[in-house]
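A.B. asks: Just dropping this structure here.
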Amino acid sequence: MKTSLLLFSLTFWSIMAQAQQPFVANMDESKVGNFTLPNPLQKPDGSIIKNKKDWEKHRGYWLAQFQQTMYGKMPEKKLKQSSQLVSRTEILGGKAIQYIWTITFEGKHSISVLGVLPNKSAKVPVFLGLNFCGNQTTNTDKRIPIFEKYVVCNEATQFKNNLGQAESRGAQASRWQFEKLIDAGYGSITVACGDFEEDLPTGYQNGIRTTLADQLGLKTEEWSAIGAWAWGLSSMVDFLETIPQVDAQKIILHGHSRLGKAALWAAANDQRFAAIISNESGEGGAALTRRNYGENLWRITNSFPHWFLKSYQHYAYKENELPFDQHILLSLLAPRPLYVASAMGDQWSDPKGEFLGAQNTEAVYQLYRKPGLGTVAFPGLNAPVGKQVRYHIREGKHDMTLYDWEQYIKFARELVK
Ligand code: GCU
């Protein structure tokens with residue numbers, strides 16, 4: 001009796017002590033350890049998929065695994081959208097037109113969309129991506145309304161109490177590079193992620209998971225914030241299909257960091273995205289979860305519980321038990337062009353894990369005879385590798401920079417035809 005009491009209190013106090021220890025991310029390559037990745041081509045009965053027809057039949061199995069375990073269900077219903085053009089303004093010395101639209105879903109939930117399109121009538125390919133802190137951060141133009149919901153940014157003058165201020169106009173313009181895109185013949189479309197769901201644990205309360213729950217046919221706890229953002233991206237395709245100046249067959253989806261995670265999940269579910277760019281999407285995005293380096297499953301599900309299903313937390317420190325790893329999420333994008341990018345100063349996102357995530361899509365891209373990364377070694381700085389699946393690590397910090405954009409434009413020119 002006494003021994004079991006002693007054992008109980010020892011265990012109790014050791015658990016308490018562990019729980020109170022600050023999380024220290026492993027940043028030492030020699031401590032990563034060994035792991036085995038699930039084979040995307042292996043079916044539950046052990047047989048191996050040998051051609052694209054069988055892969056296409058099987059990919060729904062993997063999607064269901066991600067839905068049940070990680071990001072939650074995706075609504076299958078399309079909603080009625082009504083759009084209103086709020087303003088149409090010539091910008092960039094007449095080279096481009098800036099559009100602001102309000103889109104309302106089923107008369108219940110409205111969002112504000114910013115579009116910058118070349119000033120010509122021909123259809124153009126567009127880059128589509130969510131922004132973190134409001135459309136006003138992408139450009140200094142005063143006609144863009146200041147986003148009034150919760151934003152992730154909180155720099156003293158530009159954002160106070162996680163709300164955009166007039167000073168935040170253009171604060172993240174370098175992440176958007178509108179002029180570069182226009183000069184290269186592309187348009188750019190963006191919406192604040194918070195227009196679909198604010199990025200905090202209670203964000204679902206006034207986001208689409210609640211406001212459109214009946215119409216979408218899902219309970220809030222059946223999916224996640226990443227799911228809501230991904231659904232938002234797909235709803236943008238529905239909208240862009242109605243815009244005559246946009247070539248909706250050539251939508252290049254991009255996302256930085258948490259919004260890169262959402263972009264990958266959106267494109268896995270929706271094959272209408274022509275190409276996908278994951279910019280430093282890290283843990284829960286392009287980086288392998290089994291690789292213990294940088295942010296891990298325990299940390300991400302504790303810091304951002306709303307991004308995933310609650311049950312995903314059960315895999316903390318049991319990553320080997322996951323039915324998949326993130327290379328399978330990336331494989332679900334095949335045969336479409338895929339660019340995975342990292343930054344040297346962003347070790348938290350595990351650049352090598354992102355590279356390996358991209359590299360391990362090879363078996364699926366091969367089924368389509370599309371060259372992936374092949375057996376190349378981890379590249380040096382600012383030296384992109386691959387073709388249909390491409391990767392770079394650039395110098396500098398966690399961000400989406402001009403260098404990144406130059407590579408993405410080149411990639412789109414070569415592969416989105
Ligand atoms: C945090 C988080 C990452 C995420 C990043 C971002 O660092 O831990 O998982 O990608 O924020 O979205 O900027």
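Read the figures in this text as sums done on the coordinates, not as results from a lab. These numbers were taken from a predicted model, which means no experiment stands behind them. Don't worry about glycine lacking a Cβ; one is built from the backbone with ideal geometry, like all the others, and counts go over all protein chains shown.
A.B. asks: So how strong a dipole does segment 201-292 carry about its Cα centre when Lys and Arg Cβ are +1 and Asp and Glu Cβ are -1, to the nearest 20 debye?
C.D. replies: Roughly 320 debye, rounded to the nearest 20.
A.B. asks: Shifting gears a bit: Rounded to a whole number, what is D in µm²/s for segment 293-417 from Stokes-Einstein with the Kirkwood radius over alpha-carbon pairs (20 °C, 1.002 mPa s)?
C.D. replies: Details: Rh = 15.7 Å.
Rounded, D is 137 µm²/s.
A.B. asks: How far is the Cα center of segment 192-244 from the Cα center of segment 115-181, in Å?
C.D. replies: Result: 19 Å between the Cα centres.
A.B. asks: For segment 316-376, just say rounded, prolate or oblate: build the C-alpha gyration tensor, square-root its eigenvalues into a ≥ b ≥ c, call rounded for a/c under 1.5, and beyond that prolate if a/b exceeds b/c, oblate if not.
C.D. replies: Numbers: a/c = 2.38, a/b = 1.27, b/c = 1.87.
The shape class here is oblate.
A.B. asks: Applying the Karplus parametrisation 6.51 cos²θ - 1.76 cosθ + 1.60 with θ = phi - 60° to the phi angles of segment 113-125, what ³J(HN,Hα) value in whole Hz is obtained for each residue in order, glycine and proline being reported as x?
C.D. replies: 3J(HN,Hα) across segment 113-125, in whole Hz: 10, 10, x, 10, 10, x, 7, 7, 8, 5, 5, 10, x.
A.B. asks: Need one number: % antiparallel among DSSP beta bridges in the chain, to the nearest 5.
C.D. replies: Percentage antiparallel, nearest 5: 55.
A.B. asks: Size of segment 261-319 along its principal axes in angstrom, Cα-based, largest extent first?
C.D. replies: For segment 261-319, the Cα extents along the three principal axes come out at 35, 23, 17 Å.
A.B. asks: Here's another thing I want to ask about it. Per the helix-only calculation at 222 nm, which mean residue ellipticity applies to the chain, given -39500 (n - 2.57) for every DSSP H run of n ≥ 4 and division by its residues, nearest 500 deg cm²/dmol? Don't skip to the end; give the middle numbers.
C.D. replies: Numbers: 12 runs with 118 residues, N = 417.
Per the formula, -8500 deg cm²/dmol.
A.B. asks: What whole-number distance in Å separates the alpha-carbon centres of segment 297-322 and segment 51-68?
C.D. replies: Using only Cα atoms, the two centres lie 23 Å from each other.
A.B. asks: If you take the charge dipole of segment 319-417 about its Cα centre, with +1 on Lys and Arg Cβ and -1 on Asp and Glu Cβ, which of VAL364, SER342, THR401 is farthest toward its positive end?
C.D. replies: The listed residue farthest towards the positive side: VAL364.
A.B. asks: Separate question: Given +1 on the Cβ of Lys and Arg, -1 on the Cβ of Asp and Glu, and no further charges, what dipole in debye does the chain carry about its Cα centre, rounded to the nearest 20? Mind showing how you got there, number by number?
C.D. replies: Details: 46 positive and 40 negative charges, 184 e Å.
It comes to approximately 880 debye.
A.B. asks: So between SER121 and GLU106, what do we pick up on full extension, going 0.36 nm a residue minus the alpha carbon distance? All intermediate terms of the calculation are to be shown ahead of the outcome.
C.D. replies: Values: separation 15, 0.36 × 15 = 5.40 nm, distance 2.99 nm.
Residue separation times 0.36 nm, minus the Cα-Cα distance, leaves 2.4 nm.
A.B. asks: Going by a 4.7 Å Cβ-Cβ cut-off, which cysteines of the chain have no partner at all?
C.D. replies: CYS193
A.B. asks: Using Cβ contacts closer than 10 Å as the measure, can you line up SER331, SER47, SER83, SER168 from fewest to most?
C.D. replies: Going from least to most buried by this count: SER47, SER83, SER168, SER331.
A.B. asks: Also, I was wondering about something else. Under a Cβ-Cβ cut-off of 13 Å, what is the net charge of the residues other than LYS57 that fall near it, where Lys and Arg count +1 and Asp and Glu count -1?
C.D. replies: With Lys, Arg at +1 and Asp, Glu at -1, the net is +3.
A.B. asks: Picking from VAL116, ALA25, ASN39, whose Cα lies most toward the positive end of the charge dipole for segment 17-117 (charges on Cβ: Lys, Arg +1; Asp, Glu -1)?
C.D. replies: VAL116
A.B. asks: I would also like to ask the following. Return the sequence-ordered ³J(HN,Hα) values of segment 318-331 in whole Hz as given by the Karplus equation 6.51 cos²θ - 1.76 cosθ + 1.60 applied to θ = phi - 60°, using x for Gly and Pro.
C.D. replies: With coefficients 6.51, -1.76 and 1.60, one gets 10, 4, 5, 8, 4, x, 9, 9, 6, 5, 6, 4, 5, 5 Hz.
A.B. asks: On to the next question. Please give the residues of segment 76-105, grouped as numeric ranges, whose backbone N is less than 14 Å from a label point set 7 Å along the Cα-to-Cβ vector of LYS219.
C.D. replies: none
A.B. asks: Say each of SER311 and ASP183 gets a label point 7 Å from the Cα, pointing the same way as Cα to Cβ; how far apart are those two points in nm?
C.D. replies: Each label point lies 7 Å from its Cα, and together they span 5.1 nm.
A.B. asks: Tell me which DSSP H helices of the chain clear both cut-offs, 18 Å or more of axial length from alpha-carbon atoms and a mean Kyte-Doolittle hydropathy of at least -0.5.
C.D. replies: Working: long enough: 2-20 (27 Å, 0.80); 52-66 (21 Å, -1.67); 225-240 (22 Å, 1.17); 402-415 (19 Å, -0.66).
Counting only whole DSSP H runs, the qualifying helices are 2-20, 225-240.
A.B. asks: How big is the C-alpha Rg of the chain next to the rule-of-thumb value 2.2 N^0.38 Å, as a ratio? Display every interim value, and only then the final one.
C.D. replies: Working: Rg = 21.7 Å, N = 417, 2.2 N^0.38 = 21.8 Å.
Ratio of Rg to 2.2 N^0.38 Å for the chain: 0.99.
A.B. asks: From the alpha carbon gyration tensor of segment 95-232, can you work out the equivalent ellipsoid semi-axes (sqrt of 5 times each eigenvalue) and give them in Å, largest to smallest?
C.D. replies: Working: eigenvalues 141, 76, 27 Å².
Equivalent-ellipsoid dimensions as semi-axes: 27, 19, 12 Å.
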